[in-house]
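Student: Structure incoming, see below.
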Amino acid sequence: MNAAFMPAPELAARIDRILQGAIDPHVHSGPSIAPRGIDHLELARQASAAGFSAVVTKDHDYAGTATAILINDNFPELKTKVYTSLVLNNVVGGINPYAVEHAIAMGAKIVFLPTLAAENHLEWEKSANWSHPASTQKMRHATPVPVLDANKEVRDDVKEVLDIVAKNDVALASGHIHVSETWKVFEEAKRRGVARLMFTHPEDIVGATLNDVKGIATMGAYVEHSLAFFLEGSKFRTRTNEDLRNHIEAAGVDQTIFCSDLGQVGTFAPVDGFRRAATLFLELGYDDEAIHKMVASNAAKALGLDAA
């Protein structure tokens, strides 16, 4: 992990106030088949010390539901509740209704459409010069998990998953599918009663424009941005401060959520990423209330949690 962020005392106190009740809805703590710089328990400890109300762990290969239950039950002194998500990649059988039902029954809060196994992601990898750290070392490379059929319509197995998500009132996140696919799946999801939609990091991988961001937010989805792509010093940074402002303005503060998307080796700790981000938001001219919405209360609404 990089050295911790140490702002001046007055600014640090202001950031601490803003982050009370924060939620990180997309964080890559371990254990994982890929190298991680922080595990789920240490994440919960650091988030609790910072006053976060919740974190949602995300692994590309497994739902961490059992771990979340163990942490919540055995460390009641922690202020931060640990939740988890399920990603519909190869390891869980792709678009697998059984896996979705089981994860939700065990407490998962978000179902992600394919990420590393999304057809779009596999195409993106060819030009991005990136692959999952474990893909050639510990397990075979991902194979495509499509969400649309040959006629470019939402597949029946995806519709079955959407029905499960709607019935249980959990969130559906777009993952790494292409934005053109996100439009179709989200429109079908709304028709089937899914009330909680999250558009995953439109700034990278998924091919979205600012018009897509605006339109999908208008549909009622929350637009979730990854701090890893915006923070100076992050090894994943691909976007500028001006890009950040443009994305916030496209969706509007009330429909914007920030996650860290951190936890990997060689970069900031997730909570440290939030502190750096709060400083950046202040520099861009957002007030404390607007920042708190984007790092706390909007995510609470998206996930059906109590807002702080």
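Student: Which residue out of K126, K138 is touching a residue at least 60 places away in the same chain (Cβ under 8 Å) and charged (D, E, K, R)?
Tutor: That would be K138, the only listed residue that is touching a residue at least 60 places away in the same chain (Cβ under 8 Å) and charged (D, E, K, R).
Student: Of everything in segment 216-242, what is assigned to a strand (DSSP E or B) and more than 22 Å from G266 (Cα to Cα)? Give them in sequence order. Lay out the reasoning, then the answer.
Tutor: First, the residues of segment 216-242 that are assigned to a strand (DSSP E or B): 222-226.
Answer for segment 216-242, where residues must be assigned to a strand (DSSP E or B) and more than 22 Å from G266 (Cα to Cα): Y222, V223, E224.
Student: Still on this structure: Suppose we filter I257, I248 for residues that are touching an Asp or Glu at 6+ places or on another chain (Cβ under 6 Å) and closer than 16 Å to H292 by Cα; which single one remains?
Tutor: Matching residue, one of I257, I248: I257.
Results for (1) within 24 Å of D272 (Cβ to Cβ); (2) in contact with a helix residue (DSSP H, G or I) (Cβ under 6 Å, 6 or more places away or on another chain), shown as yes or no for each residue.
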position	(1), (2)
K167	no, no
T182	no, no
G193	no, yes
H201	yes, no
T218	no, no
S226	yes, no
E232	yes, no
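Student: In a loop (DSSP other than H, G, I, E, B) and at negative phi, is that true of L282?
Tutor: Against the criterion (in a loop (DSSP other than H, G, I, E, B) and at negative phi), L282 does not qualify.
Student: Also: Would you tally the residues in segment 17-68 being touching a Lys or Arg at 6+ places or on another chain (Cβ under 9 Å) and hydroxyl-bearing (S, T, Y)?
Tutor: Qualifying residue count, segment 17-68: 3.
Student: Moving to a separate point now. Pull up segment 233-266, narrow it to residues that are among the β-branched types (V, I, T) and under 19 Å from L19 (Cβ atoms), then point me to the one that is surrounded by the fewest Cβ atoms within 10 Å (Cβ to Cβ).
Tutor: V253
Student: Answer with yes or no whether A12 is within 23 Å of Y286 (Cβ to Cβ) and surrounded by fewer than 17 Cβ atoms within 10 Å (Cβ to Cβ).
Tutor: Criteria met by A12.
Student: Does any residue of segment 150-170 turn out to be surrounded by 14 or more Cβ atoms within 10 Å (Cβ to Cβ), at pLDDT below 95 and either in a loop (DSSP other than H, G, I, E, B) or among the basic types (K, R) (or both)?
Tutor: Checking segment 150-170: not a single residue is surrounded by 14 or more Cβ atoms within 10 Å (Cβ to Cβ), at pLDDT below 95 and either in a loop (DSSP other than H, G, I, E, B) or among the basic types (K, R) (or both).
Student: Sort through D24, D16 and tell me the only one that's modelled with pLDDT of 95 or more and either of a type in the set (V, I, T) or not in a helix (DSSP H, G or I) (or both).
Tutor: D24
Student: Just the residues that are of a type outside the set (A, V, I, L, M) and closer than 17 Å to R196 by Cβ, please, taken from segment 141-158.
Tutor: Of segment 141-158, the ones of a type outside the set (A, V, I, L, M) are 141, 143-144, 146, 149, 151-153, 155-157.
Selection gives nothing.
Student: A follow-up question, please. Please determine, by comparing only the residues of segment 179-213 that are within 17 Å of G252 (Cβ to Cβ), of a type outside the set (F, W, Y) and buried (at least 17 other Cβ atoms within 10 Å of the Cβ), which one is nearest to the chain's Cα centre (by Cα).
Tutor: M198
Student: I'd like the full set of residues that are part of a helix (DSSP H, G or I), under 20 Å from K58 (Cβ atoms) and more than 15 Å from the chain's Cα centre (by Cα), limited to segment 249-275.
Tutor: Residue satisfying the conditions is D272 alone.
Student: Then there is this: Please enumerate the residues belonging to segment 276-308 that are aliphatic (A, V, I, L, M) and within 16 Å of the chain's Cα centre (by Cα).
Tutor: Across segment 276-308, the qualifying residues are A277, M294, V295, A296, A299, A300, A302, L303, L305.
Student: Output the residue which, of all residues in segment 223-232 that are out of contact with any Pro (no Cβ under 9 Å at 6 or more places or on another chain) and not hydrophobic (A, V, I, L, M, F, W, C), is surrounded by the most Cβ atoms within 10 Å (Cβ to Cβ).
Tutor: S226
The values are calculated or read from the model by the stated rules, or taken from the named source; none is laboratory data. Everything numeric here is computed off the predicted structure, so don't read it as measured data. Here the Cβ is made from the backbone with ideal geometry for all residues, glycine too, and neighbour counts use every protein chain on show.
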